[in-house]
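Please treat every number below as a calculation from the coordinates, not as lab data. Small disclaimer: the values here were computed from a predicted structure and weren't measured. Here the Cβ is made from the backbone with ideal geometry for all residues, glycine too, and neighbour counts use every protein chain on show.
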Amino acid sequence: MKKLYLIGNAHLDPAWLWPWQEGFAEVKATFSSALDRLNEYEGFIFTSSSVQYYEWIEKNEPELFEKIRSRVREGRWVICGGWWIQPDCNIPSGESFVRQGLLGQRYLLEKFGRMATVGYNVDSFGHNGALPQILKKQGLSAYVFLRPGPHEKDLPASTFWWEANDGSRVVGYQIPYTYCSWLPGLEDHIRQCVADLKKENLQSFMCFYGVGNHGGGPTIKSLDYIRSIQSEVAETENVALTFASPEDFLTDLNRDPVSLPVCRDDLQHHAPGCYSANSMIKEANQKAENALLRAEKYGVLAERLGRPVEDVLEEPWKRVLFNQFHDILAGACIESVYPEALAQYGEAVSLAGQTENYALQGISFHIQISKEEAMQPLVVFNPHPWPVQAVICHERGIEPGCGCKVLDSTGREAPHQLVRTQAQVEGRRNIAFEVTVPPMGYETYRLYMDPALSPAGPVKADDPYMLENDMVRVRFNAATGLIDSIFDKKARTEFLHAPAPVPTVIHDDSDTWSHGIQRFDEVLGAFTLRSINRVETGPLLNRIRVVSTYEDSILTQTFTLYRFSPIVYAEARLNWRGKNQCLKLRIPVQVENATATFGNPFGHIVREATGLEEPFQNWIDISGACPQNGMQQGLTLITDHKYGADVKGQALSLTVLRSPVFAHHIPQQLNPEDEYLYTEQGTQIFQYSLIPHTGGWRNARPAQRASELLQPLTKVAETYHPGEFPQSYSGLALCEPNIILSALKKAHHAEGYILRAYETDGKYTAATIQAPLFSRDIQVRFSPYEVKTLLIRPGLENCVQEVSMTELPPEHNIKEHL
């Protein structure tokens, strides 16, 4: 007899059409109700995810928490998911997904004596293809989801192997129809699931029931109804209706193995518009993630150099993980949810900044710096395990007639120029100077201000509409403000097929999620030029500012080209007033037979260039054959907090924003006579870069360039003092460019440090990590696209050990950790 496993659950959105405080109260009410049902109905099993809810109960209702612990021990309250919350599964960084499982699984282990084995994101809108490796390395062997539905993605079966690009597999299970159901619809829901099970090659199937979204869970009427039909369904359909958990279903699969089909892909496309809705929350998430990651690295650097700082970053991480909840981060909540979410992200950024400052000034104040007349010491820190060449700006008061020069620790003069100041105060000067900072370390620069030095005079540009260095020539059109050409001077090749980037306005009357939408391509018009001006000219950098308008919206873009790089950097300031519209930056690339590669957590995915709206992370590349010479070339776009785009043919379109009504969900119709709150109104700032490259996308090193954009160098203005540290130092270097550092931090509740890195290019790599911080070199072998987590315990004979993403060794004994 086949089994239909009935999964009693209560999907709980902690914030959506209500604030998180109301979600908090509903968690308590729902969990109390579930305990009552467990007392009343023998054999009933309740399943619940989201570790955040258990921490709320523990801190606010400890007696209720102890009752839950008792039922967990009994096996009738089943904890699944293992993550802090059910997050959006496309926007968070790879490291955030790791922290979801690290903090979630370790909490479950500490409080309940066990970790979850089944991943569980039943309401998330899409699922990136890197997740199977992450899940498996967190002790999760299966993954339960609802979306995308059968009409949105053609999966090989409802139960399948979901495989990441490194070969890691977990069992994927697509919930049939809905993750919550109660009377009167429960009857039809169970009958449909029974019919589907009878068609399947499997011996068991899962059917989810219980009041959801605002909580509630299985009701008395629902449980009574199930009891009343169990015998009849068994007799007439030869199917046993069994109260169970997702773990029971997985156990059945393992006990009676069947040949499951394999899916090697993202699980998309549901509600693609949510990746471009409500930019403010996406920007806050990106800034908080990277502020915490950078602070962790600098905290390790300071501690290993003998200047430890207090570790206060776990609670800020919890704030970030909570606000990655899918409705919050997707921009789908009511407007009143977001001030609190932004405040919590701001708290995380503030505490990360405090930790970083304590760490860096703890180091810089102990650097040996001798006193020199009219000299300002500046210490520049690099959080990346490769040397970074960049431009740092330092604004200060300088007496009229003074010139300046900048020297590094070896006495080499750094190219510099005066650029526009932030403060419009007499006597202020902003000195931009070129730096090269060692991997995971620092370099000390000396800024001299002296009347004997010739002050920098104005430099006249040969062409006011051209940015040029030894590598590339970037030509702007004086009539449109668009870039007509990005020309590689060495390879003698052009990278643009047509002017770019074109700020294109799209008609978009879809709801907040863009339910039922696959493309945004109904063009209304484009921004037109108001002004174009060269705003900086000099030996180090040149800038052109383009101001354009569309109706009441204003877009100001400042394009920068440095002397040492072919990358075109853009900072965009947008004052948006559009409603029911979408804004894209369209970039046609000069290639044939284009291949579109999208960044995703810990890697990338190749997608067809058909114009579908796709989620991505940090970078997109279009590469193909140059029409003139047939050689391989392409253009990579790097961006900070934009997560939606499409590629059609040879044109890349970055989705800057969408402006629907807050929390509008079809089929609800909007009344044209009413006033509504629209997203994206007002000013926002975002950054993007264009990297022309010959050869394939790997030559652009997009993962490194994105890391440098998201975690820029940090400057500390110092003074003269004795010290035990040299003026230049490198603490840790990854020698292979295809190995990227994801995190360097103190181990979770253990002595030692965690280093996590991943392979980007799809090749076996014997990597060398030069680690003066730990007084040794570390040799690590990476398989293609593998993410490795290393526990480093200096001073021990077995100093380096590979561990899981929960930071437990593979052979760990749970009882030792209770």
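Given axes a ≥ b ≥ c from the Cα gyration tensor, I'd like to know whether region 466-700 is rounded (a/c under 1.5), prolate (a/b larger than b/c) or oblate. Can you show the working numbers first?
Details: a/c = 2.23, a/b = 1.44, b/c = 1.55.
Judged from the Cα gyration tensor, region 466-700 comes out oblate (a/c at least 1.5, b/c at or above a/b).
Once you put a point 7 Å from the Cα of Asn469 and another 7 Å from the Cα of Thr436, both along the Cβ direction, what distance in nm separates them?
Spacing of the two 7 Å Cα→Cβ label points: 1.3 nm.
So if each residue of separation counts as 0.36 nm, and I subtract the Cα-Cα distance between Arg396 and Arg776, what length gain in nm does that give? Before the final figure, lay out the partial values.
On the way: separation 380, 0.36 × 380 = 136.80 nm, distance 4.07 nm.
Going from the current span to full extension adds 132.7 nm.
Roughly how many Å is it from the Cα centre of region 1-30 to that of region 779-809, as a whole number?
Here the answer is 37 Å between Cα centres.
Along the positive direction of the dipole of the chain (beta-carbon charges: Lys, Arg +1; Asp, Glu -1; about the Cα centre), which of Gly217, Gly119, Ala423 reaches farthest?
Result: Ala423.
Under 9 Å from the Cβ of Val98, count the other residues' Cβ atoms, weight Lys and Arg +1, Asp and Glu -1, and hand me the total. Mind dumping the intermediate values first?
On the way: positive: Arg99, Lys137, Arg756; negative: Glu95.
Taking every other residue near Val98 into account, the sum is +2.
Which chymotrypsin sites (Phe, Trp or Tyr not before Pro) does region 412-452 hold that lie in a coil by DSSP with at most 11 other beta carbons within 10 Å?
On the way: sites: Phe433, Tyr442, Tyr445, Tyr448; in loops: none.
Those that pass, being in a loop and sparsely packed, number zero.
Going by C-beta contacts inside 10 Å, put His151, His384, His366 in order with the fewest on the left.
Numbers: His151 8, His384 23, His366 16.
Ordered from fewest to most neighbouring Cβ atoms within 10 Å, His151, His384, His366 come out as His151, His366, His384.
Given C-alpha coordinates of region 271-349, what is the ratio Rg to Rh with the Kirkwood estimate of Rh? Don't skip to the end; give the middle numbers.
On the way: Rg = 14.8 Å, Rh = 13.5 Å.
Radius of gyration over Kirkwood radius for region 271-349 works out to 1.10.
Which entries in the list Lys287/Lys318; Lys136/Lys788; Lys59/Lys136; Lys584/Lys642 go over 22 Å, if you measure between the two C-alpha atoms of each?
Details: Lys287/Lys318 15 Å; Lys136/Lys788 12 Å; Lys59/Lys136 30 Å; Lys584/Lys642 11 Å.
Over 22 Å Cα-Cα: Lys59/Lys136.
Out of region 699-783, which GluC sites (Glu not before Pro) are coil in DSSP terms and have no more than 13 other C-beta atoms within 10 Å? Could the numbers behind the result be given before it?
Values: sites: Glu708, Glu718, Glu724, Glu751, Glu759; in loops: Glu718, Glu724, Glu751.
The qualifying sites are Glu724, Glu751.
Rank by packing, highest mean first: peptides 105-112, 308-315, 58-65, 654-661, with packing defined as the count of other Cβ atoms within 10 Å averaged across residues. If you can, show how the numbers build up before the last one.
Details: 105-112: 18.9, 308-315: 14.5, 58-65: 12.9, 654-661: 24.8.
By packing density, highest mean first, the sequence is 654-661, 105-112, 308-315, 58-65.
Could you line up Tyr177, Tyr643 from fewest to most neighbouring Cβ atoms inside 10 Å? Each step should come with its number before you reach the end.
Numbers: Tyr177 16, Tyr643 24.
Going from sparsest to densest Cβ surroundings: Tyr177, Tyr643.
Which of rounded, prolate or oblate describes region 732-818 when judged by the alpha-carbon gyration tensor and an a/c cut-off of 1.5?
Values: a/c = 2.21, a/b = 1.43, b/c = 1.54.
Oblate is the answer for region 732-818, as a/c is 1.5 or above yet b/c matches or exceeds a/b.
Can you tally the net charge around Gly212? Count Lys and Arg as +1, Asp and Glu as -1, for every other residue whose Cβ sits under 9 Å from the Cβ of Gly212.
Details: positive: none; negative: Asp13, Asp123.
It works out to a net charge of -2.
Give the calculated FRET efficiency between His507 and Asn477 to the nearest 0.05, with a Förster radius of 30 Å applied to their Cβ-Cβ distance. Can you show the working numbers first?
On the way: r = 26 Å, r/R0 = 0.87.
With a Förster radius of 30 Å, E is 0.70.
How high is the relative contact order of the chain, given as a whole-number percent (alpha carbon pairs under 8 Å, six or more residues apart)? Before the final figure, lay out the partial values.
Numbers: 1985 pairs, mean separation 108.7, N = 818.
RCO, the chain: 13 percent.
With an 8 Å Cα cut-off and a minimum separation of 6 or more residues, compute the relative contact order for region 732-818 in percent. Working shown, then result.
Values: 163 pairs, mean separation 21.1, N = 87.
Result for region 732-818 is 24 percent.
Rounding to the nearest 10 and keeping the result within 0 to 90°, find how far the Cα-based axis of helix 314-323 lies from the longest principal axis of the chain.
70 degrees
Return the distance in nm (one decimal) between the two label points of a simple spin-label model at Gln368 and Asp450, each offset 7 Å from Cα along Cα→Cβ.
2.3 nm
Can you list the chymotrypsin sites (Phe, Trp or Tyr not before Pro) in region 719-800 that are in a DSSP coil and have 13 or fewer other beta carbons within 10 angstrom? Before the final figure, lay out each step's value.
Details: sites: Tyr720, Tyr729, Tyr753, Tyr758, Tyr764, Phe774, Phe782, Tyr785; in loops: Tyr720, Tyr764, Tyr785.
In loop regions of region 719-800 (DSSP not H, G, I, E or B), the sparsely surrounded chymotrypsin sites (Phe, Trp or Tyr not before Pro) are Tyr720, Tyr764.
Calculated from DSSP H runs of 4 or more alone, at -39500 (n - 2.57) each and per residue, what is the 222 nm mean residue ellipticity of the chain, nearest 500? Display every interim value, and only then the final one.
Numbers: 13 runs with 187 residues, N = 818.
Value at 222 nm, helices only: -7500 deg cm²/dmol.
Please compute the net charge surrounding His693, taking Lys and Arg as +1 and Asp and Glu as -1 over other residues with Cβ under 15 Å from its Cβ. Working shown, then result.
On the way: positive: Lys489, Lys490, Arg492, Arg698, Arg701, Arg705; negative: Asp488, Glu494, Asp621, Asp761.
Net charge in that neighbourhood comes out at +2.
May I ask for the distance between the Cα centers of region 38-91 and region 188-240, given as a whole number of Å?
22 Å
Could you line up Arg543, Arg69 from fewest to most neighbouring Cβ atoms inside 10 Å?
On the way: Arg543 19, Arg69 16.
So the residues, fewest neighbours to most, are Arg69, Arg543.
For Cα pairs less than 8 Å apart in space and 6+ apart in sequence, what is the mean separation divided by the residue count of region 1-143, i.e. the relative contact order in percent? Don't skip to the answer; put the middle values down first.
Working: 180 pairs, mean separation 28.0, N = 143.
Relative contact order comes out at 20 percent.
Using 0.36 nm per residue, how much length does the chain from Glu310 to His749 gain when fully extended, once their Cα-Cα distance is taken away? The partial results should precede the final answer.
Numbers: separation 439, 0.36 × 439 = 158.04 nm, distance 1.41 nm.
Once the chain is fully extended between Glu310 and His749, it gains 156.6 nm.
Ranked highest first by the average count of other Cβ atoms within 10 Å around their residues, in what order do 393-405, 138-150 fall?
Descending packing order for the listed peptides: 138-150, 393-405.
Nearest 20 debye, what's the magnitude of the dipole of the chain about its Cα centre given +1 on Lys and Arg Cβ and -1 on Asp and Glu Cβ?
Values: 76 positive and 98 negative charges, 348 e Å.
Taking the Cα centre of the chain as origin, the dipole is about 1660 debye.
Thr610 versus Gln21, label points 7 Å from Cα toward the beta carbon: distance in nm?
4.8 nm
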